[in-house]
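The values are calculated or read from the model by the stated rules, or taken from the named source; none is laboratory data. Just so it is clear, the structure is predicted and the values come from calculations on it, not from any experiment. We place every Cβ from the backbone using ideal geometry, glycine too, and count neighbours over all the protein chains shown. Surface areas here come from the heavy atoms of the whole protein model, side chains and all, with no ligands, DNA or RNA. Shrake-Rupley method; radii C 1.70, N 1.55, O 1.52, S 1.80 Å.
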Amino acid sequence: MTSRTISAFAAAEEQRVLSLKPVLAEVHGRYGDHPHQSYDAWPSDDPDAPLVILLHGGYWRYDRMHLTPFAAWLSQQGFEVLLPGFRRSGGAGGYPETFDDVTRILDTLPQGRPHVLAGHCSGGHLALWCAARGLLPPSSRWHTRTLPTSVLALAPITDLTATRRDRLSNDAALQLLGGEERFAERLPEVDPLTLLRDTGTTGVPTVLLHGAADEEVPLTQFGDYAAVHRDLRTVVLPGTGHYTLIEPEAPGARAVADTLRDMAAAFPPKDSGRAGQEAAHR
């Protein structure tokens with residue numbers, strides 16, 4: 001195991017954001033039978049409100065409660081928000097269950113609507129992976145041609161090999177993939193950077209947003225992924241750490257909301273989006 005040394009700035013940010021009181025959602029639902037296969041929803045009275053699906057972080061281990069204040073805040077900024085749970089490492093999840101659940105979420109919850117799939121930290125890894133599912137071999141259980149409308153990855157894990165090398169969060173990448181003996185075999189199917197290397201694009205409009213003062217996820221992950229993804233949009237926020245991206249009213253969170261608005265403005269018109277969904281299912 002490794003211990004992490006962080007600055008007083010990063011420690012205060014982490015304590016401040018992770019100690020926020022969870023916010024009860026307006027709606028709760030399920031997309032499967034397991035207790036973790038549930039979601040919180042903040043609907044909108046505006047039928048034109050953009051849909052945002054949030055995948056929470058926590059190095060694939062922890063639940064979604066720490067993201068409820070941010071989800072509720074986003075709903076106040078004019079978005080309809082879905083915050084799903086999924087089976088997690090160290091319990092009922094890891095490989096393949098975590099990936100099974102995330103694909104089921106994307107195949108179930110948007111109900112054909114244009115949406116931004118946003119994820120923070122390890123949730124960013126899962127969002128980028130969802131964008132790359134079309135690059136998987138057709139024989140893969142997770143291959144699909146129905147991809148997210150767009151993806152916003154917030155301080156994401158992009159490279160599981162580097163995550164393992166740096167022993168981030170006490171070997172979280174090894175735990176996700178089932179240990180040393182399974183890591184190399186399973187990596188090519190679930191690592192965003194590996195999947196991207198041959199094509200250079202997922203075909204999904206994608207934005208990578210990272211704080212320049214992030215001490216949780218190394219900026220090398222940001223740079224290495226950006227170097228391979230040829231049509232990626234990148235945003236680096238000066239003086240911003242890992243957690244203020246999801247801290248309601250913080251400058252980092254306001255930048256996230258502004259980016260979401262820009263991405264939603266590029267959604268296809270409702271009629272064309274519906275026609276595209278119908279064509280994809282013929």
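Quick one: which of PRO137, PRO156 is in contact with a Cys (Cβ under 8 Å, 6 or more places away or on another chain), at pLDDT 95 or above and in a loop (DSSP other than H, G, I, E, B)?
Numbers: PRO137 fails: in contact with a Cys (Cβ under 8 Å, 6 or more places away or on another chain).
Exactly one of PRO137, PRO156 is in contact with a Cys (Cβ under 8 Å, 6 or more places away or on another chain), at pLDDT 95 or above and in a loop (DSSP other than H, G, I, E, B), namely PRO156.
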Inside segment 1-30, the number of residues satisfying the requirement of being farther than 17 Å from LEU67 by Cβ, open to solvent by less than 80 Å² (accessible area, probe 1.4 Å) and touching a residue at least 12 places away in the same chain (Cβ under 8 Å) is 4
Scanning segment 74-89 residue by residue, the ones that are over 17 Å from VAL190 (Cβ atoms) and open to solvent by 10 Å² or more (accessible area, probe 1.4 Å) total 6
Return the total of residues in segment 161-189 being touching a Lys or Arg at 6+ places or on another chain (Cβ under 9 Å) and either in a loop (DSSP other than H, G, I, E, B) or open to solvent by less than 10 Å² (accessible area, probe 1.4 Å) (or both). 10
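Which of the residues that make up segment 216-238 are of a type in the set (D, E, K, R) and open to solvent by 80 Å² or more (accessible area, probe 1.4 Å)? Steps first, answer last, please.
Step one: filter segment 216-238 for residues of a type in the set (D, E, K, R), giving 216, 224, 230-231, 233.
Across segment 216-238, the qualifying residues are ARG230, ASP231, ARG233.
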Residues in segment 44-96 that are in contact (Cβ under 8 Å) with a residue 60 or more places away in the chain, assigned to a loop (DSSP other than H, G, I, E, B), touching a Gly at 6+ places or on another chain (Cβ under 7 Å) and within 15 Å of HIS115 (Cα to Cα): how many? 0
So which residues in segment 5-49 are over 22 Å from VAL81 (Cβ atoms) and among the aromatic types (Phe, Trp, Tyr), if there are any at all? PHE9
Restricted to segment 31-43, and to residues that are open to solvent by 30 Å² or more (accessible area, probe 1.4 Å) and assigned to a loop (DSSP other than H, G, I, E, B), which residue is nearest to GLY94 (Cα to Cα)? HIS36
Enumeration of residues in segment 107-134 that are open to solvent by 10 Å² or more (accessible area, probe 1.4 Å) and either assigned to a loop (DSSP other than H, G, I, E, B) or modelled with pLDDT under 95 (or both): ASP107, THR108, LEU109, GLN111, GLY112, ARG113, PRO114
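Which of the helices (runs of 4 or more DSSP H) found entirely inside segment 200-281 contain at least 3 residues meeting this: at pLDDT 95 or above? Write out each step before concluding.
On the way: elements: 219-228, 251-265, 270-280.
Qualifying helices (runs of 4 or more DSSP H): 219-228, 251-265.
Considering only residues of segment 190-199 that are open to solvent by 40 Å² or more (accessible area, probe 1.4 Å) and assigned to a loop (DSSP other than H, G, I, E, B), which is nearest to ILE246 (Cα to Cα)? Walk me through it before giving the result.
Kept after step one, since they are open to solvent by 40 Å² or more (accessible area, probe 1.4 Å), are these residues of segment 190-199: 194, 197-199.
Narrowing further to those that are assigned to a loop (DSSP other than H, G, I, E, B): 197-199.
Values: ARG197: 30, ASP198: 33, THR199: 31 Å.
Across segment 190-199, the extreme among qualifying residues is ARG197.
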